[in-house]
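Beneath this line is the structure, given in structure tokens, with notes to follow.
The values are calculated or read from the model by the stated rules, or taken from the named source; none is laboratory data. What you see is a predicted model; the values in this text were computed from it and never measured. Counting neighbours? That spans all protein chains shown, and the Cβs are built from the backbone with ideal geometry, glycine included. For the accessible areas, the whole protein counts, side chains as well, though only heavy atoms, and no ligand, DNA or RNA atoms are used. Shrake-Rupley method; radii C 1.70, N 1.55, O 1.52, S 1.80 Å.
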Amino acid sequence: QVQLVESGGGLVQPGGSLSVSCAASGNIWRIYAMAWYRQAPGKQREFVARITDDTATTTYADSLKGRFTISLDNDKNTVYPQMNSLKPEDTAVYYCYADHMSRWGNTLAYWGQGAQVTVSS
């Protein structure tokens with residue numbers, strides 16, 4: 001079993017920046033990718049960004065390119081999204097996600113509990 005714990009989040013003014021993090025722990029064999037999703041009130045959960053463990057290849061939602069970045073510390077199994085130039089429409093619960101592979105090659109997806117980010121003056 002793998003646990004994902006998010007930290008950070010909170011209230012930020014429009015135009016501001018916010019750093020959050022997500023640490024994976026537990027019975028980890030290999031986490032080959034970590035990602036972030038978000039869900040705004042009354043909307044479906046949507047993809048934000050993803051990063052792989054081997055080549056650190058990043059993928060971003062088209063609407064967020066240039067404002068959001070993601071990095072990964074493989075030694076700590078921790079992912080760090082950085083959100084800049086925040087807008088009120090970025091208000092959402094942000095969820096950490098991990099793709100885990102067991103030593104037997106089985107893959108499972110894990111989710112964090114979510115971190116509230118509110119952009120408001």
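Overview of results
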item: Where the stretch 57-121 is the region considered: accessible area per residue in Å², 1.4 Å probe; result: 54 Å²
item: Per-pair calculated FRET efficiency, R0 = 22 Å: Val5 and Thr118 via Cβ, rounded to 0.05; result: 0.65
item: Antiparallel %, DSSP beta bridges [both residues in the chain], to 5; result: 95 percent
item: Packing rank of 67-79, 100-112, where each peptide gets the mean count of other beta carbons within 10 Å, highest leading; result: 67-79, 100-112
item: Spin-label pair Glu89/Tyr32, simplified geometry with 7 Å Cα→Cβ offset, distance in nm; result: 3.5 nm
item: Sites Gln44 and Met101, calculated FRET efficiency, Cβ-Cβ separation with R0 41 Å, nearest 0.05; result: 0.90
item: Rounded Å value of the spacing that divides the Cα centres of the stretch 92-106 and the stretch 1-78; result: 11 Å
